[in-house]
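The values are calculated or read from the model by the stated rules, or taken from the named source; none is laboratory data. Values in this document were obtained by computation on a predicted structure and should not be read as measured data. Glycine also receives a Cβ, built like all others from the backbone with ideal geometry; neighbour counts cover every protein chain displayed. The area values use the complete protein model at the heavy-atom level, side chains included, leaving out ligands, DNA and RNA. Shrake-Rupley method; radii C 1.70, N 1.55, O 1.52, S 1.80 Å.
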Amino acid sequence: EYAAVTDDVDSAQGDINIINLPDLTQYDGIILMGNTLNNRGELGMLYEKISKINRPTVCLEYELDGVDCICTDNYTGMKELCEHLINFHNAKNIAFVSGDEANLENKERKRALEDTLRENGLSLNPDSVILGGWSYYNVRQVVPEWLKTHALPDAFVCANDGLAIFTIDALTKQGVKVPEDVLVTGFDDTFNASVF
């Protein structure tokens with residue numbers, strides 16, 4: 001299950017219904033994509049169901065009490081990407097396209113950007129944080145609105161590759177060329193290259 005962040009009530013209810021479909025007692029083990037199941041409390045619902053059965057469980061990218069966890073080093077990866085933007089591409093003015101602000105991965109990636117900027121005598125302007133909410137529908141609305149009141153930055157650092165794809169699409173529809181006019185980065189290795 002990969003829950004989507006959306007204001008659409010039917011989609012939200014559909015996401016919650018999906019987690020009730022499998023009979024977890026029929027599985028030998030369970031792997032949870034914890035970072036994608038916490039938009040409406042889905043992970044908590046599954047955690048409650050899993051705690052009632054005796055099945056080995058691993059949670060990816062999100063720590064749960066009593067459950068083994070495998071997590072990416074979001075901070076170091078994003079820090080290296082931002083250092084590359086600043087040192088190789090001479091990016092000074094950077095906007096951050098954020099996912100869900102409460103998401104742990106999003107927080108670590110934003111913190112890495114802020115720290116890297118600070119270490120290079122720069123800062124992330126609060127007005128340069130664009131709330132994409134992991135959603136194509138949000139990004140296609142908020143990026144054009146943001147561009148109406150802000151100059152094009154040197155780079156858009158996106159909290160994940162999905163947001164990068166959505167940002168590139170929104171920019172292209174505004175006549176902005178990527179990478180000629182602005183750089184766009186993703187994170188998660190959905191793309192073969194991280195700078196466009």
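When the stretch 135-188 is filtered for residues that are more than 19 Å from Ser98 (Cβ to Cβ) and in contact (Cβ under 8 Å) with a residue 24 or more places away in the chain, the ones remaining, listed by number, are Ala151, Lys173, Gln174, Val176, Asp181.
Among the residues of the stretch 186-196, what is the count of those that are part of a loop (DSSP other than H, G, I, E, B), open to solvent by less than 60 Å² (accessible area, probe 1.4 Å) and at pLDDT below 50? Spell out the reasoning first.
Pass one, the stretch 186-196, residues part of a loop (DSSP other than H, G, I, E, B): 186-194, 196.
Among the residues that remain, those that are also open to solvent by less than 60 Å² (accessible area, probe 1.4 Å) are: 186-187, 191, 193-194.
From the residues that got through so far, the ones that are at pLDDT below 50 too are 193-194.
Total satisfying the criteria: 2.
Looking across the stretch 173-185, the residues that are assigned to a loop (DSSP other than H, G, I, E, B) and open to solvent by 30 Å² or more (accessible area, probe 1.4 Å) come down to Gln174, Gly175, Lys177, Val178, Pro179, Glu180, Asp181.
Taking the stretch 43-144 and the strands (runs of 3 or more DSSP E) fully enclosed by it, the elements with 3 or more residues that are farther than 30 Å from Ile18 by Cβ are at 94-98.
Answer yes or no as to whether Ala155 is of a type in the set (A, V, I, L, M, F, W, C), more than 17 Å from the chain's Cα centre (by Cα), at pLDDT 95 or above and over 28 Å from Gly34 (Cα atoms). Even if it seems obvious, please write down each step before you answer.
Details: of a type in the set (A, V, I, L, M, F, W, C): yes; more than 17 Å from the chain's Cα centre (by Cα): no; at pLDDT 95 or above: yes; over 28 Å from Gly34 (Cα atoms): yes.
Considered against the rule, which asks whether it is of a type in the set (A, V, I, L, M, F, W, C), more than 17 Å from the chain's Cα centre (by Cα), at pLDDT 95 or above and over 28 Å from Gly34 (Cα atoms), Ala155 comes out as no.
Identify all residues within the stretch 30-53 that are among the hydroxyl-bearing types (Ser, Thr, Tyr) and at pLDDT 80 or above; write none if there are none. Steps first, answer last, please.
First, pick out the residues of the stretch 30-53 that are among the hydroxyl-bearing types (Ser, Thr, Tyr): 36, 47, 51.
Scanning the stretch 30-53 gives Tyr47, Ser51.
I'd like the residue in the stretch 43-93 that is basic (Lys, Arg) and closer than 22 Å to Leu117 by Cα and, out of all such residues, is most open to solvent (accessible area, probe 1.4 Å). Ranking the qualifying residues of the stretch 43-93, first place goes to Lys92.
Could you list, in sequence order, the residues of the stretch 30-40 that are open to solvent by 30 Å² or more (accessible area, probe 1.4 Å) and not in a strand (DSSP E or B)?
So the first thing to find is which residues in the stretch 30-40 are open to solvent by 30 Å² or more (accessible area, probe 1.4 Å), and the list is 31, 33, 35, 38-40.
Scanning the stretch 30-40 gives Asn35, Asn38, Asn39, Arg40.
One line per residue, one yes/no per condition, for (1) without any contact (Cβ under 8 Å) to a residue 12 or more places away in the chain; (2) of a type in the set (S, T, N, Q); (3) farther than 23 Å from Glu180 by Cα:
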position	(1), (2), (3)
Pro56	no, no, yes
Cys71	yes, no, yes
Asn93	no, yes, no
Thr116	no, yes, yes
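Just one residue in the set Ala164, Ala170 is open to solvent by less than 10 Å² (accessible area, probe 1.4 Å), touching a helix residue (DSSP H, G or I) at 6+ places or on another chain (Cβ under 7 Å), assigned to a helix (DSSP H, G or I) and among the aliphatic types (A, V, I, L, M); that residue is Ala170. Checking each residue in the stretch 1-29 for being open to solvent by 80 Å² or more (accessible area, probe 1.4 Å) and either aromatic (Phe, Trp, Tyr) or at pLDDT below 60 (or both) picks out Tyr2, Asp7, Val9, Tyr27.
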